[in-house]
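Comments concern the structure below.
The values are calculated or read from the model by the stated rules, or taken from the named source; none is laboratory data. Because the structure is predicted, anything quoted here is derived from the model rather than measured. Cβ coordinates were reconstructed from backbone atoms using ideal geometry, including for glycine residues, and neighbour counts include every protein chain displayed. All accessible areas refer to the heavy atoms of the entire protein, side chains included, with ligands and DNA or RNA removed. Shrake-Rupley method; radii C 1.70, N 1.55, O 1.52, S 1.80 Å.
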Amino acid sequence: MTSTGILQILLFFALVLVCVKPLGAFMANVFDGRRTFLHPVLRWLEVLTYKVAGVREDVEQRWTQYTASLLAFSIFGFLLVYLLQRAQAYLPFNPQNFGTPNVTPDLAFNTAASFLTNTNWQAYSGESTLSYFVQMAALTVQNFVSAAAGLAVAIAVIRGFARHEVRTLGNFWVDMTRSTLYVLLPISFLGALFLCSQGVIQNLKPNTTATTLEGAKQTITQGPVASEEAIKELGTNGGGFFNANSAHPFENPSPITNLFEMWLLLVIPAALTYTFGKMVGDTRQGWAIFAAFTVMFLAGVFVCYGFEQAGNPTLAKLGIQSAATTTQAGGNMEGKEVRFGVVNSALFTTVTTDTSTGAVNNTHDSLLPIAGLVPMLNMMTDIVIFGGVGAGMYGILIYCIIAVFIAGLMVGRTPEYLGKKLEQKEVKMAMLAIIVTSACILVFSALSTQAVFAAKGYWNAPGAAIANMGNSGPHGLSEIIYAYTSATGNNGSAFGGISVNTPWYNLTIGLAMLVGRFLFLIPILAAAGSLAAKKKVPVTSGTFPTHGPLFVGLLVGTVVIIAVLTYFPAVSLGPIVEHYLMHSGRLFSLISWPLGS
Amino acid sequence: MSTVTTTPQATPNPPLHEDPTSLLPKKLARSRPLFDPEIVSRATRASFGKLNPVTLAKNPVMFVVEVGALLTTVFVVRDIIAGAPGLKFGLQIAIWLWFTVLFANFAEAMAEARGKAQADSLRKTKTDALAKRLTASGKIEEVTASALRAGDVVTCDAGELIPGDGDVIDGIATVDESVITGESAPVIRESGGDRSAVTGGTRVLSDHIKVRITSNPGETFLDRMIALVEGAERQKTPNEIALNILIAGLTLIFLLAVVTLQPYAVFSVAQAGAGTVPSVAVLVSLLVCLIPTTIGGLLSAIGIAGMDRVMQHNVLAMSGKAVEAAGDVNSLLLDKTGTITLGNRQAVEFLAITGVSDEELADAAQLSSLADETPEGRSVVVLAKEKYGLRGRHIPEHGANFIPFSAYTRMSGVDFEGRELRKGATEAVTTFVKEHGGEVPGYFQEMSDRIARNGGTPLAVADGHRLLGIIYLKDIVKGGMKERIGQLRTMGIRTIMITGDNPLTAAAIAAEAGVDDFLAQATPKDKLEYIKKEQVAGRLVAMTGDGTNDAPALAQADVGLAMNTGTMAAKEAGNMVDLDSNPTKLIEVVAIGKQLLITRGALTTFSIANDVAKYFAIIPAMFMATYPSLAKLNIMGLHTPQSAVLAAVIFNALIIIALVPLALRGVKYRPLDAASLLRRNLLIYGVGGILVPFPGIWAIDQLLVLFHLA
Amino acid sequence: MLSQLWPALRINIFLTILLGVAYPLAVTGISQVLFPHQANGSLITQNGQVIGSELIGQNFTKPGYFQPRPSAAGNDGYDPTASGGPNFGPTNQKLIDRVKASVDKFHKENPDYHGPIPADLLTASGSGLDPEISPASAQAQTPRVAKAREISADQIGQLVAQYTKAPDLGLIGEPRVNVLKLNLALDQQFPKK
């Protein structure tokens, strides 16, 4: 690690930190229905939306109705994305003439599930599969609304804690519309223009053919990238316009855009802690969660950065410079861009997997084992280190419930969090959410290590599901586990070596995304509904304080211990053993089965 | 005339225990040694009975262990038949897995056996006595006690057992209630008032009473008590259910982690081209070590033991829920008299008005109090004697007319030799003086108020038309009470003093005792309102009560501790009965409730924290043959894969048995604020839980190798 | 749930128009006016002919040009229609084999360079389109380029220094050299004889 590297990490964090309070307070105002400085500009659009949708702004919903609205909204979102992809040949803005065969039903399903759930897993390869219209009207739209839906749910869950003795949690349509119009749209709009000014492309032209200096032909891709890029990061979506995602120079052309994109990624989840504190009437509660996030985030960054900078010992033996100098970054540069170097790649990797983004500015598959374990563990926490827009907040509240339930007993009272007694229902729902996600990750991964299909058949043309791995040995296991972890956590980043565009992977991964989104979120909404109806217990010196360092430590401990205990056996056979093997010089080659295409 | 004007206290107020830092008194009425041989042997037998999978299924964690043990046993038997190698390991694993289940069963059985032993001793006293029932015509017929129904009236003479629960409707008697309370001093039971309740199975020692039976056979207090201590009606408490869900959830997660480890292992073995897939015994071992067996095995024992501890304090909790609620209490309604202050006020000073000597006042006060057998009255006589050397004189009964206190006149005194000596409430006595043509000086009211403001009770004394002065009766706050109330405040509990005194007096005593609030001139209705008000604000309220009037408030309170001396109505309305009838007990009950919850939390934390070390023991052992590099994770330096797995399993089983005393006694509770308490417990059970297994497993591994067991 | 379907459909369509058509078109319109160069791919033209983009790397194989990093985009590398990295894990035999081959090739082409080879020059980028190399990688190739163009290494070195971009704002990111721009400058200043 270099001092400039550490300085860049701290600078980035400081940029996020200064926005937490203003943006957090702004969001609290928006969701509490107070007038903000954007109302003169946007209020008419909000009113118009309700009018078009036929929704009454002042009617509140119980948790069941709230969930029903969310599901109804998602079903149509899903159908739209699916149909637009399948029909892209007949739709405008398709200069490359991508047709229906490019998007098979299973791929279209996977992509629809992916964008609907804010996962944005890329089984597709953007530049060779999807028309500009699909990128805009399907993917960009879902980038907004899947984030807006997550934010709405988070706000509803926060209300569950903030309110007492009421049955309602707010109105989904209103919360979702406000998220979109007041929070996501303005920042994205300005962000897109800024990105464009720095070199991110934004046009509807067909690809340009260039004749290179050496006389070869090069097709330079075009498209409306900046408008998608801004919301892709801000909405912690991560599904890129291009296959290479944010490593692509047209998505992320410079260190400045990189810094800006990371800021976009983290700013809403970070600020939401303040919104939470404000809405529950005690900003210290929000800061405590922010502090817990920060501890886990920084630990991840420095582990990832440290191991990456140390480089691959096997390559070092070949005479490669692995120490950093003033003229080159050193470390493990495989899969990384020169402009980002090791530090900005490790930082991006951590940010994108702490949040549920999954955008990548380097190939995670080429990370060194322990550095690659960082994004994996980040996601195995159910993505509650800052987390996705909204999703991180409601996710961490699940862990708060569990942490407070176990430790709260140790103060000799029925555990209470924010004045709400935690009882059967809350514990049941919290455990349900955690069980569902871990089951999804472990079971699907296990199935994929064993599933055997006919070679050249429909389900998985390469044959056995493990034949799709781009790496063998422990790294191959990591690829499979990473895929289902990323899908279940609605992250979307990948150990990209595994070729996942087959019906088996498209369907199971798509399923994992849906389960990870909805079966995680519905229990939390249920718990919120039950919490809202409860009385508020007054705080006394006998109440376990949930705003001090002790709570921060406890929350971090709970998140880490649950993730580690659940996944240690699996990761010990993946990244952990690979780390030791790498240092002992062991290599694995793909020889045991035929490689697909 | 009757010499008895008040009933003596049922039991003397036990002195506050010496150590003010501990909320739990050291001597317990019904304590038994933790490992009483009789209980241990009873529990050991019961542990095997509890292997029945149908009963064990109620405990998901131990049920999983049992299934695992069974599975391992099946494979061992298969291997024995096939003559496969490596039998020693599989056999030992199977044995220790069975021990794990047995140890958990033993913990629960121990807790239950203690209750059963108590129930047995209660049951011995339950003989089917003959009852003398009064027929409608007023005749007495002899029936067995079991033939009595609610509403029957029976008579009981000295030496007879009272055949059933009921209220005394006529007469007064001393009763030996030691069967119920463990206290041998007899108590007085009389008709009317708040001391009318009698309990079936207790014995009349003197006199004769008529009792109206209030309960049907099988539903008597003694029956309920037996059922409660035996745990027959034990239902899981809300918090216990929630915790059960949590640990069942964790069990499911670990089940998934271990079941899916098998395919990962198959994959890894194929990729590495070395090693073998872990056997069923090893996978089951990993599973059993990971699932929270410690808390899963001890959870129900903790609950039963909590009830038992309440019982040892001679408090009968009607449900575990009540004990749990006690831990949550935010507001404690304490009766002033007997709880905060010593039961009786005492005369501390005579304040004569101008022109009257103190001696004259003292003399009049003493004379007016000679027939007053109340403690207050006696304290006047004593003070006059001590301070002015006035000896108690005998006033001949003839020629003297003692005026007893009445709620109407609010005065008492004596008429003799033409004098009319009166003492009583200031207003009553000044009215008396004025009626007799006397004068009341202007400053007199102020004199009286000053005493009230200081928490005292002024008793004016007059001799006919002459106003003499005031006797200063003072409430004495119990020693150590202020400290305990301070501790309660630290624990986040508000104390509210309930008193019939006027607000001035109440405020002064409240200040002296350091309570947070007080309710003066409290009527039962006021209490009820106060409780409701607190509950609306989200607070849980505990109170004590004895009178029938208290019943609604006792029922409303989240924890209602009824005094055993109180009425049946009160005892039925509350959810706990203090057999010692000591209102201070409420504080101890709160401490026990907290201790119960802390014990659960501590052992859950400990149980989960333990897993870290077990991973370091088992994972490298499982895959060392496949990936020798994983030996780097064997940080304990365990000898062989077999010894490592075995050591982890044995540690896991032994820790259950090692923690049985903790589960039964409860973790040490200190009255600290929540943050300090949590920091302390997290350090001991969280950090300790991570660290302890490392040396533990290491040591077992050493022993295993030493004895060639692995 | 059923009662929610109608608003769900209407709001989906409304938002698709707002966010999927109006928003990207607005951004396109504004950026085409304000930043036409960047919005259209930062293209470099020579004699009216597009020769590439500042931001997209291209293949250079001749010794007289600075060579970019290995690329896994497309079959021959640097194919923008197939962006991506090779996704080799650290214990993949193929990674080591490929790097070993690159090392051998480098030594063969640059016999005058003896130091440790900068990591970026032997490793593939994540995008496969990385337009840049580290200054150290440019320096490592300087002797070869100078030899091929038959000019002094110092002159090339000066050009490399001139085209070396410091970290953004002096702190963020890494120092780097844009290969296409450097090679264009080479052709302009030191045309091959």
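Residues that are more than 7 Å from chain B (Cβ to nearest Cβ), open to solvent by less than 30 Å² (accessible area, probe 1.4 Å) and over 21 Å from A:M431 (Cα atoms) within the stretch A:549-578 comprise A:V571, A:G574, A:P575, A:I576, A:E578, listed in sequence order. The number of residues in the stretch B:151-173 being buried (at least 19 other Cβ atoms within 10 Å of the Cβ) and among the hydroxyl-bearing types (S, T, Y) comes to 0.
Scanning the stretch A:453-471 for residues that are buried (at least 24 other Cβ atoms within 10 Å of the Cβ) and in a loop (DSSP other than H, G, I, E, B) turns up A:N460, A:M469, A:N471. Residues that are open to solvent by 50 Å² or more (accessible area, probe 1.4 Å), in a helix (DSSP H, G or I) and without any contact (Cβ under 8 Å) to a residue 60 or more places away in the chain within the stretch C:139-155 comprise C:Q139, C:D154, C:Q155, listed in sequence order. Each residue in the stretch B:405-456 was checked for being among the polar types (S, T, N, Q) and open to solvent by less than 20 Å² (accessible area, probe 1.4 Å), and 4 pass.
As a summary of the residue check, A:N243 satisfies the conditions (1) open to solvent by less than 10 Å² (accessible area, probe 1.4 Å); (2) over 15 Å from A:T355 (Cα atoms); (3) outside any helix (DSSP H, G or I) except for the one numbered (1).
Residues that are in contact with an Asp or Glu (Cβ under 7 Å, 6 or more places away or on another chain) and in a loop (DSSP other than H, G, I, E, B): does the stretch A:214-235 have at least one? Yes, some residue in the stretch A:214-235 is in contact with an Asp or Glu (Cβ under 7 Å, 6 or more places away or on another chain) and in a loop (DSSP other than H, G, I, E, B).
When each of B:G338, B:G437 is tested for being in a helix (DSSP H, G or I) and at positive phi, the lone residue that passes is B:G338. Take the conditions among the acidic types (D, E), surrounded by 24 or more Cβ atoms within 10 Å (Cβ to Cβ) and in contact with a strand residue (DSSP E or B) (Cβ under 6 Å, 6 or more places away or on another chain) and apply them to B:D578. Does it pass? Yes; evaluated as a whole, the condition is true for this residue.
Here is a yes/no grid of residues against (1) acidic (D, E); (2) modelled with pLDDT of 95 or more; (3) assigned to a loop (DSSP other than H, G, I, E, B); (4) open to solvent by 70 Å² or more (accessible area, probe 1.4 Å):
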{"residue": "A:P22", "(1), (2), (3), (4)": "no, yes, no, yes"}
{"residue": "A:F26", "(1), (2), (3), (4)": "no, yes, no, no"}
{"residue": "A:V30", "(1), (2), (3), (4)": "no, yes, no, no"}
{"residue": "A:F37", "(1), (2), (3), (4)": "no, yes, yes, yes"}
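Every residue, every condition in (1) at positive phi; (2) not aliphatic (A, V, I, L, M), yes or no:
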| residue | (1), (2) |
| --- | --- |
| A:G388 | no, yes |
| A:I402 | no, no |
| A:V411 | no, no |
| A:L418 | yes, no |
| A:K425 | no, yes |
| A:A430 | no, no |
| A:I434 | no, no |
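Only residues that are open to solvent by 10 Å² or more (accessible area, probe 1.4 Å), part of a helix (DSSP H, G or I) and of a type outside the set (K, R): list them for the stretch A:415-429, please. Hits for the stretch A:415-429 are A:Q424, A:M429. Taking (1) closer than 24 Å to A:T363 by Cβ; (2) more than 7 Å from chain C (Cβ to nearest Cβ); (3) not in a loop (DSSP other than H, G, I, E, B) in turn, A:F194 satisfies each apart from (1).
Looking only at the stretch A:325-370, filter to residues that are of a type in the set (G, A, S) and more than 9 Å from chain C (Cβ to nearest Cβ); which one of those is farthest from A:M1 (Cα to Cα)? Going through the qualifying residues, I end up with A:S356.
Table: residues versus (1) touching a residue at least 40 places away in the same chain (Cβ under 8 Å); (2) over 30 Å from A:L442 (Cβ atoms).
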{"position": "B:L252", "(1), (2)": "no, no"}
{"position": "B:Q271", "(1), (2)": "no, no"}
{"position": "B:T276", "(1), (2)": "yes, no"}
{"position": "B:V280", "(1), (2)": "yes, no"}
{"position": "B:L286", "(1), (2)": "yes, no"}
{"position": "B:I291", "(1), (2)": "yes, no"}
{"position": "B:A325", "(1), (2)": "yes, yes"}
{"position": "B:D328", "(1), (2)": "yes, yes"}
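Elements of the type strands (runs of 3 or more DSSP E) sitting completely within the stretch B:445-509 and holding at least 2 residues that are more than 23 Å from the chain's Cα centre (by Cα): these cover B:456-463, B:466-474. When the stretch C:73-99 is filtered for residues that are more than 9 Å from chain A (Cβ to nearest Cβ) and either assigned to a loop (DSSP other than H, G, I, E, B) or more than 15 Å from C:T123 (Cα to Cα) (or both), the ones remaining, listed by number, are C:G74, C:N75, C:G77. Scanning the stretch B:198-227 for residues that are small (G, A, S) and either under 13 Å from B:L122 (Cα atoms) or not in a loop (DSSP other than H, G, I, E, B) (or both) returns B:G200, B:G201, B:A227. Restricting attention to the stretch A:175-189, report how many residues are open to solvent by 10 Å² or more (accessible area, probe 1.4 Å) and either free of Cβ contacts under 8 Å to residues at least 12 places away in the same chain or facing chain C (nearest Cβ under 9 Å) (or both). Result for the stretch A:175-189: 2.
Here the helices (runs of 4 or more DSSP H) wholly within the stretch A:491-583 that include at least 3 residues being among the β-branched types (V, I, T) are A:503-532, A:549-571.
Regarding the stretch A:513-529, can at least one residue be identified that is more than 19 Å from the chain's Cα centre (by Cα) and within 10 Å of chain B (Cβ to nearest Cβ)? No. Set side by side, the residues A:L107, A:L70, A:L83 differ, and just one is modelled with pLDDT under 95 and closer than 22 Å to A:T236 by Cα, which is A:L107.
Here is a yes/no grid of residues against (1) open to solvent by 10 Å² or more (accessible area, probe 1.4 Å); (2) part of a loop (DSSP other than H, G, I, E, B):
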position	(1), (2)
A:E334	no, yes
A:T353	no, no
A:N362	no, yes
A:D365	no, no
A:V374	yes, no
A:L377	yes, no
A:G387	no, yes
A:Y394	no, no
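Here B:G666 fits the description: within 14 Å of chain A (Cβ to nearest Cβ), closer than 26 Å to B:S47 by Cβ and touching a helix residue (DSSP H, G or I) at 6+ places or on another chain (Cβ under 8 Å). Restricting to the stretch A:292-321, name every residue that is buried (at least 19 other Cβ atoms within 10 Å of the Cβ) and either outside any helix (DSSP H, G or I) or away from every other protein chain (no Cβ under 14 Å) (or both). Matches in the stretch A:292-321: A:A292, A:F293, A:T294, A:M296, A:F297, A:G300, A:V301, A:G311, A:N312, A:I320, A:Q321. Residues in the stretch C:32-85 that are open to solvent by 30 Å² or more (accessible area, probe 1.4 Å), closer than 30 Å to A:P575 by Cβ and touching a strand residue (DSSP E or B) at 6+ places or on another chain (Cβ under 9 Å): there are none. Here A:I406 fulfils each of the conditions (1) over 13 Å from the mean Cα position of the chain (by Cα); (2) modelled with pLDDT under 90; (3) at positive phi; (4) open to solvent by 10 Å² or more (accessible area, probe 1.4 Å) apart from (3).
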